[in-house]
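The values are calculated or read from the model by the stated rules, or taken from the named source; none is laboratory data. Just so it is clear, the structure is predicted and the values come from calculations on it, not from any experiment. Note that each Cβ is placed from the backbone with ideal geometry, even for glycine, and that neighbours are counted across all protein chains shown.
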Amino acid sequence: MIRVVAKQTIKADKLEEYLPVMRSLVEKTNANDPGCISYEAYQDVNDPTVITMIEQWESQEAVDAHLKSAHFLEIAPILDSMCAVLAEVTFYKKLF
């Protein structure tokens, strides 16, 4: 099992535009990506411009397929253009 934690800081003036686009990615990923156990977006309670994706995948192969999916390739550049800095992405494998 693989978990991915991706933390993004959104430009303050782009937050309202960012949220529905991210919702679309979350919905499409959860509905269509084989091996996706969960794919969720969280907003920092102290800084609403900080959005963190917490993802759970069956395997690294499932993550790799997601990153090549049509919906990810279409939506990710749009989201990236609204970020203040590059996302911090960390991959974890389950030990126990």
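What's the total number of residues in the range 72-96 that are part of a loop (DSSP other than H, G, I, E, B), surrounded by 10 or more Cβ atoms within 10 Å (Cβ to Cβ) and not aliphatic (A, V, I, L, M)?
1
Tell me which residues, restricted to the range 13-25, are farther than 15 Å from residue 87 by Cβ and either within 11 Å of the chain's Cα centre (by Cα) or of a type in the set (Gly, Ala, Ser) (or both).
23, 24
Per-residue answers, yes or no, for (1) charged (D, E, K, R); (2) out of contact with any Lys or Arg (no Cβ under 7 Å at 6 or more places or on another chain); (3) surrounded by 12 or more Cβ atoms within 10 Å (Cβ to Cβ); (4) farther than 24 Å from residue 1 by Cα:
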residue: 19; (1), (2), (3), (4): no, yes, yes, yes
residue: 37; (1), (2), (3), (4): no, yes, yes, no
residue: 53; (1), (2), (3), (4): no, yes, yes, no
residue: 58; (1), (2), (3), (4): yes, yes, yes, no
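Would you mind stating whether residue 87 is modelled with pLDDT under 95 and of a type outside the set (Phe, Trp, Tyr)?
Considered against the rule, which asks whether it is modelled with pLDDT under 95 and of a type outside the set (Phe, Trp, Tyr), residue 87 comes out as yes.
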